[in-house]
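A.B. asks: Can you keep this structure in mind? I'll have questions shortly.
The values are calculated or read from the model by the stated rules, or taken from the named source; none is laboratory data. Every value quoted in this text rests on a predicted model; they were computed, and no experiment measured them. With ideal geometry, Cβ positions are generated from the backbone for all residues, glycine too; neighbour counts draw on all protein chains shown.
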């Protein structure tokens, strides 16, 4: 089933230097685009031939959907989120759960005629958040989509912002979480205080694409400005402040401590050493890295166009994968347990190699 061109909140998602191709219809993601919501757009690169056989216990039918976010807290607890186009033509949210043996789809709210989830964060088996956007319909207004897992079900939680979209989420406990995105031409930062989401004042910028939090007093968010340059902001426990950077747009960020963080984007990997952000050399010439994750200073992952990079404590190296494909998100529970997802794709790292646990088309 190929996806027709669809738009959420009336914005076309296109990336100035990004072209997605693949076995079947590829998705152009608003998580990579300033001032837009979701666009699920068809690209004319459908390959011929039947899909590859899925591994035992895989979710081959599920991974025909597009997965945009993944998070893991343990070997028996991981989440992946995205969207799917139903036979009726509506675009609905997709949430998958890994409980240690197989990926299974879990019911999730899908308000309006088109809804998508682009990021997920979890602190335990009983606490997780997913964010994205909805186009709404005659009875539901378009705007950000926030959903929470309470240990039993996913439920929609009200957003204090009525317009715009959310592209990233991070959580440190049941009483503290951050969500970032854009509304109109302004970046948006929301905070969960244990009872409600509230908008927090943020430095000027066009959009924030990702957020990571080490503690209630230490968080980073990245995106880009209206001039097309990197936007890096830091939470110090009382306010968000911008950190100077001349880098190109950034799309992913991860941190393990106050003195160790990574940010990735267009042809760039930056590292925070506790004082400044510095450019880190990479082994490939990829023009796009859209996601990053780390559990300790000596192990980090960065994913993007046909590339999966690993940080071993001293250098970034390209890692072999079961196939060349654009990876849209990567998340790790530990140095020997990580997940990477994309369109028609779920891969797992067992500490030695990456293997497919989905269709891997």
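A.B. asks: Among the strands (runs of 3 or more DSSP E) confined wholly to the range 276-361, which include 1 or more residues that are out of contact with any helix residue (DSSP H, G or I) (no Cβ under 8 Å at 6 or more places or on another chain), touching a residue at least 40 places away in the same chain (Cβ under 8 Å) and within 22 Å of residue 167 (Cα to Cα)?
C.D. replies: Those strands (runs of 3 or more DSSP E) span 289-296, 299-304, 307-311, 327-334, 337-342.
A.B. asks: What residue, of 318, 314, is in contact with a strand residue (DSSP E or B) (Cβ under 7 Å, 6 or more places away or on another chain), surrounded by fewer than 18 Cβ atoms within 10 Å (Cβ to Cβ) and farther than 21 Å from residue 214 by Cα? Talk me through it step by step, then tell me what you get.
C.D. replies: Numbers: 314 fails: in contact with a strand residue (DSSP E or B) (Cβ under 7 Å, 6 or more places away or on another chain).
Just one listed residue meets the conditions, 318.
A.B. asks: Here are 22, 89: which of them is over 17 Å from the mean Cα position of the chain (by Cα), modelled with pLDDT of 50 or more, assigned to a loop (DSSP other than H, G, I, E, B) and surrounded by fewer than 24 Cβ atoms within 10 Å (Cβ to Cβ)?
C.D. replies: 89
For every residue, the table says whether it meets (1) surrounded by fewer than 14 Cβ atoms within 10 Å (Cβ to Cβ); (2) farther than 20 Å from residue 84 by Cα.
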{"residue": "324", "(1), (2)": "yes, yes"}
{"residue": "327", "(1), (2)": "no, no"}
{"residue": "331", "(1), (2)": "no, yes"}
{"residue": "338", "(1), (2)": "no, yes"}
{"residue": "342", "(1), (2)": "no, no"}
{"residue": "347", "(1), (2)": "no, no"}
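A.B. asks: Those residues that are over 25 Å from residue 98 (Cβ atoms) and part of a strand (DSSP E or B), I need them from the range 126-154; list them, please.
C.D. replies: Matches in the range 126-154: 134, 143, 144.
A.B. asks: Also: Which ones in the range 183-206 are at pLDDT below 95 and within 19 Å of the chain's Cα centre (by Cα)?
C.D. replies: The answer is 183, 206.
A.B. asks: A further question follows. Mind listing whichever residues of the range 144-154 are without any contact (Cβ under 8 Å) to a residue 60 or more places away in the chain, buried (at least 16 other Cβ atoms within 10 Å of the Cβ) and within 20 Å of residue 105 (Cα to Cα)?
C.D. replies: The answer is 145, 146, 147, 148, 154.
A.B. asks: Does residue 274 meet the test of being buried (at least 16 other Cβ atoms within 10 Å of the Cβ) and within 28 Å of residue 206 (Cα to Cα)?
C.D. replies: No.
A.B. asks: Here's another thing I want to ask about it. With the requirement that a residue be over 17 Å from residue 316 (Cβ atoms) and more than 19 Å from the chain's Cα centre (by Cα), what does the range 241-285 give you?
C.D. replies: Scanning the range 241-285 gives 241, 242, 243, 244, 245, 246, 257, 258, 259, 274, 275, 276.
A.B. asks: (1) more than 16 Å from the chain's Cα centre (by Cα); (2) buried (at least 19 other Cβ atoms within 10 Å of the Cβ); (3) over 21 Å from residue 86 (Cα atoms): which one isn't true of residue 135, the others all being true?
C.D. replies: Among (1) more than 16 Å from the chain's Cα centre (by Cα); (2) buried (at least 19 other Cβ atoms within 10 Å of the Cβ); (3) over 21 Å from residue 86 (Cα atoms), the lone unmet condition for residue 135 is (3).
A.B. asks: Please state which of the following conditions residue 224 fails to meet, knowing it meets all the rest: (1) over 22 Å from residue 329 (Cα atoms); (2) touching a strand residue (DSSP E or B) at 6+ places or on another chain (Cβ under 8 Å).
C.D. replies: Only one criterion in (1) over 22 Å from residue 329 (Cα atoms); (2) touching a strand residue (DSSP E or B) at 6+ places or on another chain (Cβ under 8 Å) is unmet by residue 224, namely (1).
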